[in-house]
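The values are calculated or read from the model by the stated rules, or taken from the named source; none is laboratory data. The model shown is predicted, which means the values in this text are computed figures rather than measured ones. All Cβ positions, glycine included, derive from the backbone under ideal geometry; neighbour counts span all protein chains shown. Side chains included, ligands, DNA and RNA excluded: accessible areas come from the protein's heavy atoms. Shrake-Rupley method; radii C 1.70, N 1.55, O 1.52, S 1.80 Å.
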Amino acid sequence: QVQLVESGGGLVQAGGSLRLSCEASGRTFSNYAMGWFRQAPGKERELVAAILGSGGGAMYADSVKGRFTISRDNAKNAVYLQMNNLKPEDTAVYYCASDRTLTRVVGQRSDYWGQGTQVTVSS
């Protein structure tokens, strides 16, 4: 059984930084693409960033380019999202997702999702 567990969310002032972590268990982590998504109240879930199993091919939503960085450590079965210069509009529940292909992750067709971690950015 694959499990994804996010951590690192919290309350931060605008302009601040947070680092989210997602730890995976249950299969060969490096074989899977990973993604970070977020869902704000009353809005649809949206892709934030995604990365190939190899650690290459990182892609970002336009709204976070230049501020957020996705990375992974396959030795630790973990993927990270470094969030800098946070804005109130970044407030959302952040989820990590995993699947065999980046296409499925980006298309929100992942078989595996974490439970989410709340990020709140105050103005």
Strands (runs of 3 or more DSSP E) wholly inside region 1-75 containing at least 1 residues that are over 12 Å from the mean Cα position of the chain (by Cα): 3-7, 10-13, 18-25, 68-73
Test for ASN84: is it modelled with pLDDT of 95 or more and either open to solvent by 50 Å² or more (accessible area, probe 1.4 Å) or acidic (Asp, Glu) (or both): yes
Contacts under 9 angstrom Cβ, first residue in region 76-89 being under 21 Å from SER7 (Cβ atoms), partner among the acidic types (Asp, Glu) and at pLDDT 95 or above, 6 or more apart: LYS76/GLU23; ASN77/GLU23; ALA78/GLU23; VAL79/GLU23; VAL79/ASP73; TYR80/ASP73; MET83/ASP90
Residue match in region 53-60 (condition: in contact with a Phe, Trp or Tyr (Cβ under 6 Å, 6 or more places away or on another chain), closer than 21 Å to ASP111 by Cα, open to solvent by 30 Å² or more (accessible area, probe 1.4 Å) and in contact (Cβ under 8 Å) with a residue 12 or more places away in the chain): no
Those residues of region 92-108 which are of a type outside the set (A, V, I, L, M, F, W, C), surrounded by fewer than 20 Cβ atoms within 10 Å (Cβ to Cβ) and touching a Ser or Thr at 6+ places or on another chain (Cβ under 8 Å), in sequence order: ARG104
Selection from region 9-52 of residues that are open to solvent by 60 Å² or more (accessible area, probe 1.4 Å), within 15 Å of TYR95 (Cβ to Cβ) and of a type outside the set (S, T, N, Q): GLU23, PRO41, LYS43, GLU44, ARG45, GLU46
Only one of ARG27, ARG67 that is modelled with pLDDT of 95 or more and of a type in the set (Lys, Arg): ARG67
